[in-house]
Amino acid sequence: MTWLGVTMILLMILLTNQFARVLGDVAKGKLPKDAAFDVIGLSAAQYLTVLVPIGLFLAVMLALGRLYRDSELPAMMACRVGPSGIYRPLLWLLVPLSLGVAWLSMEGTPRAVTTIERISAEARREADLNSIEPGRFTIFGPDRAVVYGERITPDGFMEGVFMERRLDEGSIEVVIAKRGEQVESEDPNTRMLVLYDGRRYEGVPGTPQFRVIEFAEHGIPYRLPSMRAIDLKPRAMRFRDLFESSDLEHVAERQWRMSVPISTVLLALLAVPLARSRPREGRYGRIAVGLLVFIIYLNLLSAAKAWVEEGAVPAMPGMWWVHGVIALLILVLLSLQNGWHRRLLS
């Protein structure tokens, strides 16, 4: 129950920020309205890969902290209940959560990232004049034309239009018009931006080679973004493809995904010795220390991933040395708290 409460609270905080960003994208026309909740749900799957380990870590520390505060764990230890008696019931929660977060890290999150990219690409393809904010310069279409409109009428017309785009051989085209609208063309991959009552300037900046054309109606075609190929970043690639690649970025991403379930197990094991406190010390007494250890662990993993990507650290040991340090820390703490080191020395 503690793990569920901690995880849900952290997830709601992150989703609240994501919800505000998604609503902003919907208002700007970057996302379709009916895809807002899909994007939020897919973002939740990405967040859980980080929240499940930290949620379990904090939950174990909070639960054991209460038992130490109420002198229940010291009483159990007096009855010869050792670390194995604490870890055994913990495994009932740790094993399924580790398997679940392993699937999320290796398969679920890449699928979510790919789906979000596809939704964004579809939104860019279906973008129209409503995606242009009145009074602001906006980069419009795959040709990256700069478009400005004073206002957008309810019937879809843009008034007070300014447009600038680059042409071949360093020339530019600048168009000023009173009104403009978007019109479908016979080609499904092309649309027309039709401007009315304006003037077009075309030429090479810094030279007198300019042509000025006044028009009553002027159609400018622009290509829609292609949906055939989405450039998949390493974090959106399938784990099988990463496993078969020797590219440094792919190796680092593969080790990062495998590190998520490993860190879930190590953090849960580490929480047991870190939560140990004196009776009546308080269940929150060691939380600050636990958070500091988690931040250091996460930063070391992030740094190790960057080093592998840059080739500063070879693929072996890669990121595995960070887990080795945490595993050694767990053994040292358990040894000091349970007197194992004295038995070895004697």
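The values are calculated or read from the model by the stated rules, or taken from the named source; none is laboratory data. From a predicted model like this one, the values you see are computed outputs, not experimental measurements. Cβ: placed from backbone, ideal geometry, glycine included. Neighbour counts: every protein chain shown. Calculation scope for accessible area: heavy atoms of the full protein, side chains included, ligands and nucleic acids excluded. Shrake-Rupley method; radii C 1.70, N 1.55, O 1.52, S 1.80 Å.
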Checklist line | Accessible surface ranking that places the most exposed of VAL212, VAL39 first, with a 1.4 angstrom probe | finding: VAL212, VAL39
Notebook entry, point to check: What are the residues whose amide H is under 5 Å from the amide H of ARG276, where those residues sit 5 or more places off or on another chain and H is modelled from the backbone?
Noted result: none
Next item on the list: Starting from the Cα of ALA36, step 7 Å along the direction of its Cβ; do the same at ARG211; then give the gap between the two resulting points in nm.
Entry: 4.6
Next item on the list: Work out from phi, with θ = phi - 60° and the Karplus expression 6.51 cos²θ - 1.76 cosθ + 1.60, the ³J(HN,Hα) of each residue of region 56-69, listed in order in whole Hz, and give x for Gly and Pro.
Entry: 5, 4, 5, 5, 5, 5, 5, 5, 5, x, 5, 5, 5, 5
Check: Using 7 Å Cα-to-Cβ label points, what is the LEU336/ASP155 separation (nm, one decimal)?
Finding: 7.8
Next item on the list: Report ³J(HN,Hα) in whole Hz for each residue of region 260-277, in order, from the Karplus equation J = 6.51 cos²θ - 1.76 cosθ + 1.60 where θ = phi - 60°; Gly and Pro get x.
Entry: 4, x, 5, 5, 4, 5, 5, 5, 5, 5, 5, 4, 5, x, 5, 7, 5, 8
Notebook entry, point to check: If the chain between ASP197 and ILE296 were fully stretched, how many nm would it gain, using 0.36 nm times the residue separation less the Cα-Cα distance?
Noted result: 29.4 nm
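Once the Cβ-Cβ distance between ALA78 and VAL289 is put in as r, and R0 is 25 Å, what FRET efficiency do you end up with, to the nearest 0.05? Don't skip to the end; give the middle numbers.
Values: r = 25 Å, r/R0 = 1.00.
Efficiency at R0 = 25 Å is approximately 0.50.
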Note to self: I'd like the distance separating the alpha-carbon centroids of region 52-110 and region 148-202, in whole Å.
What the structure shows: 61
Check: Can you list the HN-Hα couplings for region 301-310, worked out from phi with the Karplus curve (6.51, -1.76, 1.60; θ = phi - 60°), rounded to whole Hz and with x for Gly and Pro?
Finding: 5, 5, 5, 5, 4, 5, 5, 5, 4, 7
Check: In region 54-100, carbon and sulfur make up what percent of the accessible area (probe 1.4 Å)?
Finding: 70
Notebook entry, point to check: Fully extended, how many nm does the chain gain between MET1 and LEU14 (0.36 nm per residue separation, minus their Cα-Cα distance)?
Noted result: 2.7 nm
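Beta carbons within 10 angstrom, averaged per residue: use that to sort the peptides 91-98, 102-109, 261-268, highest first.
Packing proxy ranking, top to bottom: 261-268, 102-109, 91-98.
I need the Kirkwood Rh of region 286-326: take the reciprocal of the average 1/r across all distinct C-alpha pairs and report it in angstrom.
Averaging 1/r across every pair of different Cα atoms and inverting gives 10.7 Å.
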